[in-house]
Amino acid sequence: MPRHHHLLSPLDLGFVTLRNRIVMGAMHTRLETLDRPVERLQAFYAARARGEAGLILTGGFAPNAEGLIEPGAPILDREDQLEPHRAICDAVHREGGRIALQILHAGRYAKVPECVAPSAIKARINRYAPRALSTADVWRTIGDFARTAALARAAGYDGVEIMGSEGYLINEFTAPATNQRTDDFGGSFDNRVRFPVEVVKAVRKACGDDFLLIYRISSIDLVEGGLSAEEIAQFARRIEQAGANLLNTGIGWHESPVPTIAASVPRAAWTFAIRRVKQAVSIPVIASNRINDPDVAEALLAGGAADLVSMARPLLADPDFAKKVRLGRADEIATCIACNQSCLDRIFTEQPATCLVNPRAGREIEFVDAPAAKPKRIAVVGAGPAGMAFAVNAAERGHRVTLFEAADSLGGQLNLAKVVPGKSEFGELLRYLRARLERLGVTVRLGMRADADALIARATTRSCSPRA
């Protein structure tokens, strides 16, 4: 049996089959704000499909103008917006992938003065206070979710994910802390979960039974006034009965004081909350948050805590994650080190996302990866992260590379970073670069200071044996 048997097993949902259990989770990228946005998004998602992810979830698209996460954020509410989506879906399908569009209404997290919520209660992470939706507004919004889902189907998506986690609008309806309504959508538990249940029913009715409907449920709210574990289990069953095919588990709200995805959080730390959802329903459940290693993912699936794993930032770091697992080359995965520096930090400062581990992320159309027209013999001085990364990229393009390092070990300041409490994941970057240097046949010279004589000797020697 293959080492990662559960992770690599297909999932047959009847009308669609996923080639493995690896899901690329939804992420805000802001690629739509750059030049050539459609080309960038095509390349971004196609790279992950080519890397054999079983299912790709897009970043969130608002179902109406009130739901925009910020001015100019993605929205899908009209037929004349479909052509870019068709191009993206076609690019993914050409690579054998499946893709679902996430529908996200930001609720009181929206960075716009016109933000709305179940009740007029301001979020501590937003400068704007929301307007409470009227009962008629709630029913209209339910219809807006269904319309966006129908448009997604028309564009060629394999399904949609309804974002009901992380403290956005739907999550705000379910939690007593943010829902103080007195109509049919507030008060009792049954009333507070009515909005998401009606959204799922409306989407299913609009799109038919042969369309993937994923609901992202908050498996633990991590805020005062959120749902209890027992209520979440009961809610999960309601969503299943309403017509969802898959439940994707979210962890916490954005305003929660408890860290959920930082490097200091142990890998798969939230398995206990995910398992509770899995035990409550009969449909497949997706695990998420701090799952960046195929062995951890395999153990989680083999242990019955979930049926699939969501890897958002891990597939930002390495689009070929799934393919490398299948080929038995897991040691060459560029592991997400949970630094948050180039993904979340950039998003929160209104910049497009990329990745500290993989600078190609979000910039796929800007890199030339074709073999060099005329391979050269290249000496790289210094085997810190920059030197190692340059050596790897040069060797990948066909150059013959020698890497000089005066110290007796590779890594430079990575060797300091990985011993800082909470930063041990930096050791994974060092492991990845070492593995790539070895596989690419880069000659490594440790304990050798690269003076002029050494470089001249390298230039005049036909071959060198590695010493590492």
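The values are calculated or read from the model by the stated rules, or taken from the named source; none is laboratory data. These numbers come from a predicted model, not from an experiment. Note that each Cβ is placed from the backbone with ideal geometry, even for glycine, and that neighbours are counted across all protein chains shown.
Below, the figures for the structure above:
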quantity	calculated
Restricting region 204-236 to residues that are touching a strand residue (DSSP E or B) at 6+ places or on another chain (Cβ under 7 Å) and among the charged types (D, E, K, R), the residue that is surrounded by the fewest Cβ atoms within 10 Å (Cβ to Cβ)	ARG204
Flag if GLY362 is in contact with a Pro (Cβ under 6 Å, 6 or more places away or on another chain), of a type outside the set (A, V, I, L, M, F, W, C) and under 19 Å from PHE44 (Cβ atoms)	yes
For ALA154: the one exception among (1) under 23 Å from ILE214 (Cβ atoms); (2) surrounded by 16 or more Cβ atoms within 10 Å (Cβ to Cβ)	(2)
Boolean, ALA386 is modelled with pLDDT under 95 and surrounded by fewer than 20 Cβ atoms within 10 Å (Cβ to Cβ)	no
Any chance GLY59 is modelled with pLDDT of 95 or more and of a type in the set (Gly, Ala, Ser)	yes
Members of region 373-397 found to be in contact (Cβ under 8 Å) with a residue 12 or more places away in the chain, assigned to a loop (DSSP other than H, G, I, E, B) and over 21 Å from ALA43 (Cβ atoms), listed by number	PRO375, LYS376, GLY382, ALA383, GLY384
Unique match (being within 17 Å of ASN358 (Cβ to Cβ), of a type in the set (Lys, Arg) and surrounded by 14 or more Cβ atoms within 10 Å (Cβ to Cβ)) among ARG445, ARG400, ARG436	ARG436
Residue match in region 420-427 (condition: touching a Phe, Trp or Tyr at 6+ places or on another chain (Cβ under 9 Å), part of a loop (DSSP other than H, G, I, E, B) and β-branched (Val, Ile, Thr))	yes
Condition broken by GLN341, with the remaining ones in (1) under 22 Å from ALA49 (Cβ atoms); (2) at pLDDT below 95 satisfied	(1)
Hits in region 212-231 (condition: under 20 Å from LEU169 (Cα atoms), under 23 Å from the mean Cα position of the chain (by Cα) and outside any loop (DSSP other than H, G, I, E, B))	LEU213, ILE214, TYR215, ARG216, ILE217, SER218, SER219, ILE220
Cβ pairs under 7 Å, 6+ apart, first in region 303-329 and surrounded by fewer than 24 Cβ atoms within 10 Å (Cβ to Cβ), second among the acidic types (Asp, Glu)	LYS323/GLU52; LYS324/GLU332; ARG326/GLU52
